[in-house]
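The values are calculated or read from the model by the stated rules, or taken from the named source; none is laboratory data. Every value quoted in this text rests on a predicted model; they were computed, and no experiment measured them. Cβ: placed from backbone, ideal geometry, glycine included. Neighbour counts: every protein chain shown. Ligands, DNA and RNA are stripped out before the accessible areas are found, and what is left, the full protein with its side chains, is counted by its heavy atoms. Shrake-Rupley method; radii C 1.70, N 1.55, O 1.52, S 1.80 Å.
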Amino acid sequence: MSSEQSVPSSPPVEPTVARGEAAVGVRLDAVDLPVSARVPRPDAPLPHDRDGLCWRPATLVDLGALHALDGRVASRDHPLHVTSLSSMRQLLEMPGIDLERDSLVADEGDGQLVAWGLSFLWPVRESVVRVSVDGGVDPRRRGLGLGRELLEWQRLRGEQHLSGSDEVLPAVLAGGVEEGAAAHAALMQRQGFAPARWWSTLSRDLTRPVESVRLDDAVRLEEYSTALEEATRLARNEAFVDHWGSQASTPEVWRMLVGAATFRADLSFVAVAEGDDGEEEVVAFVLTTVEPEQWAAHGGRSAHVDYVGVRRAWRGRHLAQSLLATALARQADEGFELCVLDVDSTSPTGAVGLYERAGFTVAGRRAAYLREY
């Protein structure tokens, strides 16, 4: 969700409390009532049409116009995170999203969109009930109050989602704000959001040599294949159970990553070993996507590492370092100039240090903004 106007930039505000919402045993705050008892159901009327603009739900027919609008928003607000056309389609088709009720666009006619937003409930609710808000306002139409109207609708629609949840769990509306986007941050804060966690975007120059890391003899290295899809999903869910903000990935959501046109199985690797039950399982993994639309912003042909993870029983064996080095070397061999990834700045597994030792440097930062209930 972008800002609606420009204001002087201000230093980033670091969160004063790093509160977790990992899938096991860690919560934002203790609660003793269902979400539905804490969040009344509001009305969520569409903003009033004005200035030749019509507010309406998005449809898949809008895909091209939405992608073009998001590109204009990204160029101003989050240039390191450009969404490809295929990824935009995936977002609109995510399981559980009802475009008629969970989306909003401002249409100025002739197929031109100048604002868009989603407010949707995540399907997995193990430790937190979370509604994501995403979208933005065309830079040329800012200063008119469109961002305020859009975010207010997203908050109200999000509260409708929360009011229907009977889970006895913390509940949040969640959005992201790029470091230095002071107007966007102020807009979020006026709607009751506050910064809760920082993520860093890291970049690694692949023209520099990649030092290999010997693989533990107890595991076997394999290039990712569809035969390993479910085993890798289960490994991901276990590996990230102690990460802030992590919820289990369902088969449907997982398939959206590994089945996407942007996913590169040839640049993705897993470590396989015998589990406690005698059956082979994936114990570590590194998964890579490639989106050429991001290359201009990244400053070269880039590959993006979406996941690096190790099951907890297998940590301390340098599996992450070994698989990451393997992936970086393969990316370099394939002619990529940069590797980019995003990491929790205070990851409990020491991931930031791992990436720094592998030659990554910080290219940008983004804050998770939450409104808690």
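Assorted remarks:
- The chain - percent of accessible surface contributed by carbon and sulfur, probe 1.4 Å: 50 percent
- Approximate spin-label separation Gln189-Thr207, in nm, with each point projected 7 Å along Cα-to-Cβ: 4.1 nm
- Computed over the alpha carbons of region 267-373, Rg followed by Dmax gives 15.6, 49 Å.
- Accessible solvent surface per residue of region 235-373, calculated while the other protein chains remain in place, 1.4 angstrom probe, Å²: 40 Å²
- Scalar couplings 3J(HN,Hα) for region 231-239, obtained by applying the Karplus form with A = 6.51, B = -1.76, C = 1.60 to θ = phi - 60°, are 5, 6, 4, 5, 5, 4, 4, 6, 5 Hz; x denotes Gly and Pro.
- Only beta bridges with both residues in the chain are counted; by DSSP, about 90 percent of them are antiparallel.
- Computed per residue of the chain from DSSP H runs no shorter than four, each worth -39500 (n - 2.57), the mean residue ellipticity at 222 nm is -8000 deg cm²/dmol.
- Ordering Cys54, Leu80, Ala182 by Cα displacement along the dipole of the chain toward the positive end leaves Ala182 in first place; charges were set at the Cβ atoms of Lys, Arg (+1) and Asp, Glu (-1).
- Three principal axis extents describe the C-alpha atoms of the chain; from largest down they are 65, 48, 40 Å.
- Think of the chain as having a plus end and a minus end, set by charges on the Cβ of Lys, Arg, Asp and Glu; of Ser132, Ala260, Ala248, Ser132 sits farthest toward the positive end of this dipole.
- Taken per residue, the accessible surface of region 44-120 reaches 43 Å², heavy atoms only and a 1.4 Å probe.
- Region 273-354: relative contact order in percent, alpha carbon pairs under 8 Å with at least 6 residues between: 28 percent
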